[in-house]
Every structure is written in C-alpha cells, then in structure tokens.
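Here's the structure, in structure tokens; my notes come after.
The values are calculated or read from the model by the stated rules, or taken from the named source; none is laboratory data. It should be emphasised that the depicted structure is a prediction, and the values quoted were computed from it without experimental measurement. Positions of Cβ are generated from backbone atoms using ideal geometry, with glycine treated the same way; all protein chains shown enter the neighbour counts.
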Amino acid sequence: MTASMCIYIDLNRQPAGNPQYEVTHLAKYILNRLWQTVIVLIGVTLITFVMINIAPGDPVAVMMAKKADEATITKIREQMGLNEPLPVQYITFLKNAVTGDFGNSYFQKYPVSTLIARGFKVTGTLAVGVLLFSIPFGLILGILAAIFRGRILDRVFMFISTLGMALPSFWFAIILQLIFGLWLKVLPISGVNTLSGYVLPSIALGLIYGASIARLTRTNMLEVLNQDYIRTAHAKGVSEAAVVLRHSLRNAAIPILTYLGTLIKNILGGSVLVETVFSIKGLGSLLVEGIMKRDIPVIQGCTIYIATVFVIANLLIDLLYGLIDPRIRVSKGGA
Amino acid sequence: MSKKSQALPVDTVKFSSFYHDAFLRLRKDKVAVCCLAFVILLIIVAVFAPIIAPYPESYQDTSSILSGSSSEHLLGTDEYGRDILSRIIYGSRVSLMVGVVAESIAVVIGVTMGALAGYYGGKVDMVISRIIEVFASFPQILFAIVIMFVLGTGIINVFFAIGFVGWTSVARVIRSQVMQLKSNEYVEAARASGGGNLAIIMRHLIPNCLSTIIVIITMEIPADIMYEASLSFLGLGVQPPQSSWGEMINKARTYLRANPTYSIYPGIALVLTVLAFNLLGDALRDALDPKLKNL
Amino acid sequence: MKQKSTSILVILLIAIMAFSGCGGGSSGSSSGAGNANAASEPSGTSDATEATEPSGEPSVLKYAHVFNDMDGLDVHRYTTNDVIQPAMTICEPLVRLDEAGNPFPLLLEALPEMSQNGTLFTCKLKEGVLFHDGTELTSEDVLFTFARIFDPVEPSINYWLVDMIKGAKEYMNGEADQLTGITIIDPYNFTIELEEPFAPFISSLACEQNAIYPKAACEAAGDMWGVTSFVGTGPFKMTEFASKEYLHVERNNDYHGELAKLDELYIYNMEQQTGLLEWEAGNIDVVWMESAPAAQYIGSEFEENLLRIDLMGIKTLNLNTIMAPLDNQTVRQAMKYAIDQKGLVNSFLQGLANPTMSQVPPGIIAHSDRESFYNPDRAKELLAEAGYPDGIDLETYVDEKDEASNVLTVLQEQLKASNINLKVNRVDRATYIDMRRAGEVQCPVLTWYKDISDPDNFLYTFYFSDNSKMFSSNWNDPKTDELLLAGRSADPADREAIYEEVEEYLVVEQSVMVPLYNPSHFYLIADGVEGIFFDNSLLRFDAASKK
C-alpha cells in the first residue's frame, strides 16, 4: 500500500466542540473544498492543453498516411482550427469544455462527448464490477484474518493478500482468460456484450485493490479490536460475531472510504491494461488510442473527464468524511 | 552500544542509535531478511548480467525459435530465437533502474515541494498543495503515457515519466512531517542562532524525515516497477532489442500455443520482485517508524 | 468456540452468495462476440446447401481481424483495409477484378470502351440496380461520387488513384466549379476522359476506394456518412456499425447479382491474441493472422483449418538517399549485401513468407527472380571503399505496432555482421508517419499491398521525384522520372521492358531500397465455412456460406 492512499490526518489539531462553530465551520469547509476543486480543474485543463500541444506528431498527417500534398493538409488544418495561435485555442477549448463540448474526434467523426459517454459506460460498469469484487473480497479476507489473528489462517490470508498485491493485472488477466475463457469455456474471452463479460476483467483488475483493502481492514480491525470498549463488550459476553460486525466494522470501514478515491483513480488508470487483454472498448482504450493517433479532441476530452471524475469523487468523499469525522474538517479546511 | 563523543549535536546521536535499533528489529523478522536477500540478489544479477546470463541479450539463435526448455536454453526461446532466461536476467536491469531513477526524480521533486509547503505554510503551501492536487488527479499510468508521447518512447523517458508523476505522494507525506517537525525545539534553537530558512530545511528538517523517505521509496518502488511493466506491456517502454519483463509478457501473448511458458517466467520474475519490495517496505516501515502504520 | 464457528459460517455463506451474484446468472451464454443465439452451430437437421431453405437458425458468419483503425466506413476518408474491408460488403465500384486479376464489369453492362487515343472511356450502367434505400443507380450517382472524390473542400484521401481524370486537378483546386472529365449522356450512359492515356485506368476503377455512392443518401447523411448511415449497391446492407468494434450487415435481397448465401455477417475488430482465442473457443468463424503466430498452428490439430494467402505486396527497406551515409551510392550498395532476406523470413516469420530481391511482387510484370546479394564480407569491403573501414551507424524509426518493428529487430542483429550499427526507435504511429512524410527517417520499412496489379503502383508511387519524400526515400533522379513517366503512357506491349529497366536500375545499380519479402496472410477457417474469395488482402463474402 503506497503512501498516496491516505489523507494524512493531522491529529495534533484540536477538534472543535461548539455546535454553532461546527455548522459555520462545515459551511466554510464545503465552500473551501468547492473552490479548491475549481482551481484544480482549471489546472488540469491547462496541463492537458500544454502537454498535448508540445507533443510532436500532426494528426492530419496520420489521417493522410498514404499520400497527400501540402495544400490539402493545410486546408484541412484550417478547417479544424489548428492554425490559430495557442492561447486562442486554449480559451476556445476552455469555453467548450465547461459546456462539455470537446468537438468532434478527428478520426471517428462522432462528437467526443458521445465517445466518452460510450467509453464511460463500459469503464464505469467495469469500475462498479471491480468495487463489487474487491470490497467484499477485501473486507471478508481482512475480517477473517483479524478474527484469526496470530494464527495460521491469518498468515495464509495475509499471504494471499500480499501475493495479490504483487500480481500484475495484465498477467493475471491473461491467465484468467485462458482458464475460464478457453479451457473451461464458462466466461467470455473478450467483449462485454453480456454482463458476464465484465466478470473476468473485474477480477483481474480488482485483485490488487481487494488485497490492499484486506490489509487495510485487518490493520484497522486489529486496532479497533484492541480498544477498551471492545474488551468491555467481550467481558459482557457479546459474541465474537456481534463484536466484529456491530462494533468494530463501522470504525474500521471508515478508512476504506478514504481509500475509495484513490481506488477510483487507479481503476480509471489501470483499466486500460485489462481492456487491452479483453478487447473492451472503454475510456482507457479510448484515451490511449487517441494519443497514438494524435486525436487531440479525444485526448483532451478524456483526460479532462477522467481527472474531473476523480476530483469530484474525491470532493464527495471528503465532504462525506467531513460530515462523519469533525477532526478532518478542521485540519483540511485550513489548508 | 557504540561510543559517541560528547561533542556531537544531540540529534545526530539519536540518529545513529535509532538506525541501529531499527536494523536490529529488522534482522529479527525472517521474512524481511529473505526479501532483503532477494533484493540484494536481484541487484547482483542486474549489475553482473553480462557475466551471469548464458547468452547476450539480443543474440538470435535462429535454429530454435519458440522452443521450450532445453539444455541449451533453460527457459526456452522467444520468437526471434533469443534465450528467455538471459532476457529475464537483463530485464531485471530495467526494473531496478526504474526504481532507482524514477524514485530519485520523485524524491527530489517531492521532498522539495513538500518541505517548502510544510515549512512556509500560508500562501506557499496553498499554491503547492493545489499543484499537488492537480498532478494527483490524473491516474498515474495515463499521465505517464501522455508524458511519454510528449517526450517520445525509450526507456529513459519511461523513467522520467514515472518519476514525474510519482512525486505527489512523497510531497504529501513530507509536507505533513515537516509541518509537525517545524515546531520542534531544535528548529527554534537553530533559528535563534541565526540559521537561514533554507539552511534549517536542508540541515535539520529533511534529515529527520529520512526514515520516512526511505519507507516511501521502498513502498513506491514496486509500484514504479509495475508501471514500467505496464507501459512496456502496452508497447511504450523499452526499445528493441532491450528486454523488459512487461514487454516479454506482451509479446508472449501471441505465442501461447507455441511456447506457453514464454509468458509465465517473466510474470513470475515480476511477481517475486514486487512481492519482495512490498514485504521489505512493510518491514522497514515497522522497524523505522511504527507511527507510519497508516501509510 | 461454537459461536465463533457459526459466525464464520455465516460470513462464508455471505461471501459465496456475493461471489455467485457477481458471477452473473448469464454465465450460461458464453459467447463473448455478438448475438447470443446465433453463435453456436446450427442444428444438424437443416440442409445447408440452399440458402433459401428455411433452416432453424439464420446463417451468421463472424470474421475477426486486427482493425484498430475501423473508425468509419467512408472509403474517401481513410486509406487502410480497416475501413475498406467492412465497407466493401456494402458498396461496390464500377468494375472488379477476377481471380486472374482481369477486370470484369460489376455495375456496368460491359467493360468501358476505350477510344483510339486511350483517353476516352465510354460506359453503360446496368439498368435496374438498386441502392439499399431503394433508389436506382444512375449516372448522376457516378458523377456525384467522383466529384466527391475531388471535392475542393474535403477531397478523398485516395484521390490520386484516379486523378488522371481530366479536370480533376482543376476542380480540386477550386479553379473549376465542375468536374469536366465525366460527362453524363443519359441516366445509364456516361463517359470518362483522362488528361493522358493511363493504361491501367480500368483497373484503377476496380479499387474499392472508388466505390459508387448514392447521391441522395450521401448528401442527406452529411458528416454521418459512413458512421450512422452507409448505403450502397452491395450484396449486404448495413444493420449496425459500432466504430472500432464491429460492423453488422445482413443480406440484401434486392441485389442486382446472385444473392449472398449468408443471412448475416459480422466483421470484428479484435486484437490478434483475442481473435485466436475466440476462434479456438468456437465463437468466431474466420480469424486473420500474420506469419509469426501462424506457425504455431502448423502441425497442430487446427492445421486443416489454416489457409495461407501469398499476397501481392512487399516489405521493403527504403534507404534515405539524402541522409548521410546513405547518400553515398557505394554505402547503399553495401546495404544490399548486408541483408539476408532468407534469414529474415526464417526468423520470426518462421519461413512463412516469400523472400524477394525485387521491388515488384511475383505475378506482376517487371518482377525479377534475382537472387539475394547477401554477402557480409562484400558489404564490409564496400564500406571500406566508401571511406568507412570501421562500419557505419544508422538510426531509424518505426511504428511500434507494425510488423515492421519485428523486421527491424531481426535486421538490426543481421547488420552487425557487416559492421553496420542500426539503432531502432519505436514510436507511436502518428510520430512515425509525421517523420516519414517529412522525409526524415533514415531507413523506413515500407509495407505496400497492391492497389492495382501494375508495376507503376510499386515504383512510381515511391520513387518518382514528387512522391519520394513522403516515403523518406528522397530519391530525385531524372533518369528514373523519365522512365516512370514513359511507362505510364506507353503502349501495353512496351511497358514491360520499360519497367524492367527501371526496376533493375533502382534495385541493383542505385540500390535505392533493399526488397525484403512478400508477406503472406493466414486465416483460420472454421469447419463448414466455404466460398470466401480472397482478393489479395481483402475478403469477399458474396458467395460465402456456412453449414
């Protein structure tokens, strides 16, 4: 688990106890986060725009791969607005981005927003599949390991989890594809025409994250289980199951919420590997293919879209977190 | 323990005995020792690859294409007749170099940004934090791909691209650490005795973050190795005839029927390496700074 | 203890239910590609020889190829087979080529009549040919199609195939507001006039890039032509097009010729490995592959299903004649001796291609069967002669996804024996195309499949002075130009000699390029599938059937 997976909670700051203070503070926190989000999004568009325009490779040249003369190419560049000065192009781009209009793909003739919608439907479903697999997988593995702490099963489960974190998603995907697609023939080898097409990709991509969640769950569960109030419950004769489920689970699960933001980002990024192996046309493939062809509208649209999804997801998670845990509000709101 | 002269400043003494204790703790953990041994073995293999590998990296033995294990080729050959074992050995160079180079870049940028943000606070912190958020809002691998299309392909550019997107996690943690540390007494003392801000940062704050930096590096390296393997899998990493485990796995897909183990062995190498670094990182973190358990 | 175990059981039970829920009840329908009901073998009771027999299920053929660029269907906007292959099931050109490579009339009553001076072609359309939207094919549609090819605002990328039509250049430049070269006489009769005689013109008309579009439907569709709307005269009509994924067509029951035997046809874009797996699993009927993966099926249980098609095409190492040290003719000669075509073909191609030392493929006039010049010692000698006793350094670029990348990997190793140090930079397609077009790549590997079975297509296209920069050859030589132009307008009887001369001159004397091999394509065809016609690198399903 990398350092990037957590918000660093500054526990040295004192939490506020005054309700009135808390309400205005909550409002202030929300506004602050919204404002930050806007700035970050603008930064995202700027970086994307800059990077794309520095990159070599003329999209029109790719389209005319076989043969065309300079005059035709210039004509087509004019049409696409590629001859305007860069700052002008950026402003136009920004104006359009706000309305969700990224223009038309140079190669596929569809508006970029349509392509992104199509890709997002697939990648989004994949993301849901990954969450549906990794969260229960991780929770169960982590909880079981925590229950059997210190014993053989604990070590076994943690070994599985450690191994899972080291397994490259694309390699695992190939193996799954062979076993379940070709040899056993129970699941599709490629494509997502039916829902079952999402199963193997979700597992292939989700194993790493499930493993991380397992470790996170176990660690947090152990911390919680060591606390006084749990010991009290035990002393009172509450069953292990009740202890686990009712008392510790909620507290142990909160850090997973934090992890969710990073998880979403990693899914959006890592999906391209799994999409390649299973020939799924999702957002990741759209972006990578767009980059290969210098399909600038697609690259811009996808990058902005993916970053925006992540930023907004983070925002929602932070707001949710802020509602649940007042300590966070104070430390992050001030930054 | 070791004898230290009284003239040394207090935190330096704490320094060396702290690491000494950490090392002792590490030594007790058998798993960690195994992993450390594996990593050291990997480094040896990578450095001495030309001596250890049975064949040169690009040597094409056209008489045995896509053959399985044999006495001449212990792990078989690929589609050009190159020895797979040799290429796995040479591939370790790429994986380790990614760790070293990319992390160096990430650490340099990350520590600088994090320390500045943590120490100065206020507007500086605000600006830097926003920059961190912007960079952190792109999925690393996609960002690396985009950077590589600006820079062009090639293994050096891969290292740079990965390092360039990985600095945000370092920066975040360093920032928090520095924010905590700057209120410590010795900082006040240093300021009182006339030390400039930069000197304070360089001489006092950063060295005290060293254990954190070590932990982060060790935990980010496996991620970097995975990114490089992923990029090479997508065809964006090494140039022929250089070998990389990810690239081998990609190429092997088309030849599953002819030589199935072609894709298995590089995958195993990758898994073992990442596993070793992961476990080592865990153990280091436990030994050096249990407070970082939340990382 | 008992409490612990019950709680564990409960958790495990939940886990099992969660997983089976994730697995989805739909795991029964295992076909990952296309219609769930049509993928499996049809019941054995139907008599599969007559397409009109009501069999239990529709006969659906699924073909998978690596078609990463299948972005649209409009053949005016793209140059690759990725688009031409799906499009040609729907649209047709005026004439086609038969197995021997000779043109036969498709939408015309008979082959065009050529005038004495070779510049005027008189054509008569078949009557009663209907487009899929029910409108009839007339001369208006032909004029519309060619005017669209030369459209001044957005011309067809492939306009150069037919730009010898009179008035085409003027119309494209905006100097004329009409395409004067095509004259409509009446709804079924029209003439095409050329600027100068061009012997293979009728074959040019057979190119799929010159398929005839319906004026009404095409204008109505605007930008969405070839995306959501694509109408032609072909044996199949479009049902659904998911760009980059697949094209789904169904039989056109009003076809002007013999009806297709298939009810439906899918053309999929699939990654190589995925396609092979899907074929082996029985989800796909026909899959394409290159030589390298094909070798593993020889000697396997699928050997009977493997079909090899030797292509009329070439892979050549172009040498950049203005970039040192290749601007030195002696150095270029050395390259000729440094390359072992046979060794290359026996490497990752595993012998499944045809090594060649001629820029023109076999089967076309001016092809030469000359042997390879491979001789590393001679190569080193020549380099020393040219002033490079220690060898030379070369650096080139290649599209990483192309087979050319593999070729260069092998060549890189081969060239070492001649003291030639070749550095290969794999870049993305866009960057590569950019550099190649700017004439900046030192030794690009060219892949070319014939547009027409004519040496002009393999020589004029690359080595005529106006064209050579685009392929990073930069060859600019008056003698070459003279011969190539002469060949274009010469009498058919004289052409062979002219092209033989220029081919020998370019390959042997000047060593402007080093031919490598003629590629072969391979297909795995499922049992029961018959009647597919392989037109070089394209497949025609007009007469295909599936049991």
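In table form, for the structure just shown:
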| read-out | value |
| --- | --- |
| Subset of region A:287-305 [at the interface with chain C (Cβ under 9 Å from one of its Cβ atoms) and closer than 24 Å to residue A:171 by Cα] | A:289, A:291, A:292 |
| Some residue of region B:260-275 being surrounded by fewer than 24 Cβ atoms within 10 Å (Cβ to Cβ), within 14 Å of chain C (Cβ to nearest Cβ), more than 12 Å from the chain's Cα centre (by Cα) and hydrophobic (A, V, I, L, M, F, W, C) | no |
| Total residues in region C:110-151, condition more than 26 Å from residue C:254 (Cβ to Cβ) and in a strand (DSSP E or B) | 5 |
| Residue match in region B:136-143 (condition: touching a Gly at 6+ places or on another chain (Cβ under 6 Å) and not in a helix (DSSP H, G or I)) | yes |
| Filtered residue count, region C:229-245, keeping only those that are more than 9 Å from every other protein chain (Cβ to nearest Cβ) and either surrounded by fewer than 24 Cβ atoms within 10 Å (Cβ to Cβ) or not in a loop (DSSP other than H, G, I, E, B) (or both) | 8 |
| Check on residue B:89, outside any loop (DSSP other than H, G, I, E, B) and in contact with a Gly (Cβ under 8 Å, 6 or more places away or on another chain) | no |
| Search result, residues across region C:154-198 that are surrounded by 17 or more Cβ atoms within 10 Å (Cβ to Cβ), touching a helix residue (DSSP H, G or I) at 6+ places or on another chain (Cβ under 6 Å) and aliphatic (A, V, I, L, M) | C:161, C:162, C:179, C:182 |
| Test result for residue C:238, hydrophobic (A, V, I, L, M, F, W, C) and within 27 Å of residue C:302 (Cα to Cα) | no |
| Matching option when the condition is more than 7 Å from chain C (Cβ to nearest Cβ) and surrounded by fewer than 20 Cβ atoms within 10 Å (Cβ to Cβ), among A:192, A:186, A:156 | A:156 |
| Candidates C:431, C:461, C:480 - the one that is over 25 Å from the mean Cα position of the chain (by Cα) and either buried (at least 18 other Cβ atoms within 10 Å of the Cβ) or not in a loop (DSSP other than H, G, I, E, B) (or both) | C:480 |
| Matching entry among C:217, C:221 (being touching a strand residue (DSSP E or B) at 6+ places or on another chain (Cβ under 9 Å), within 12 Å of chain A (Cβ to nearest Cβ) and surrounded by fewer than 22 Cβ atoms within 10 Å (Cβ to Cβ)) | C:221 |
| Any chance residue C:481 is out of contact with any Leu (no Cβ under 9 Å at 6 or more places or on another chain), touching a residue at least 12 places away in the same chain (Cβ under 8 Å) and within 18 Å of residue C:287 (Cβ to Cβ) | no |
| Qualifying residues in region C:163-180 (those that are in a helix (DSSP H, G or I) and over 16 Å from residue C:196 (Cα atoms)) - the one nearest to the chain's Cα centre (by Cα) | C:172 |
| Residue within region B:207-221 that is of a type in the set (S, T, N, Q) and under 30 Å from residue A:182 (Cβ atoms) present | no |
| Residues that are touching a helix residue (DSSP H, G or I) at 6+ places or on another chain (Cβ under 9 Å), part of a loop (DSSP other than H, G, I, E, B) and away from chain A (no Cβ under 14 Å), drawn from region C:202-214 | C:211, C:212, C:213, C:214 |
| Top-ranked residue in region B:128-169 [being over 20 Å from residue A:310 (Cα atoms) and surrounded by fewer than 21 Cβ atoms within 10 Å (Cβ to Cβ); ranked as farthest from the other protein chains (Cβ to nearest Cβ)] | B:160 |
| Set C:260, C:221, C:199, C:217: member being more than 19 Å from residue C:162 (Cβ to Cβ) and part of a loop (DSSP other than H, G, I, E, B) | C:260 |
| Residue list for region B:102-114, filter: at pLDDT 90 or above and surrounded by fewer than 20 Cβ atoms within 10 Å (Cβ to Cβ) | B:104, B:105, B:108, B:109 |
| Checking residue B:117 against (1) within 11 Å of chain A (Cβ to nearest Cβ); (2) modelled with pLDDT under 90; (3) under 23 Å from residue A:45 (Cα atoms); (4) in contact with a helix residue (DSSP H, G or I) (Cβ under 8 Å, 6 or more places away or on another chain), the condition it does not meet | (3) |
| Selection status of residue C:250, in the same structural domain as residue C:101 (by TED's automatic domain parsing) and in a strand (DSSP E or B) | yes |
| The listed residue being buried (at least 21 other Cβ atoms within 10 Å of the Cβ) and out of contact with any helix residue (DSSP H, G or I) (no Cβ under 9 Å at 6 or more places or on another chain), out of B:99, B:91, B:81 | B:81 |
| Residue among B:224, B:286 that is within 30 Å of residue C:400 (Cα to Cα), part of a helix (DSSP H, G or I), more than 14 Å from chain C (Cβ to nearest Cβ) and of a type in the set (Asp, Glu) | B:224 |
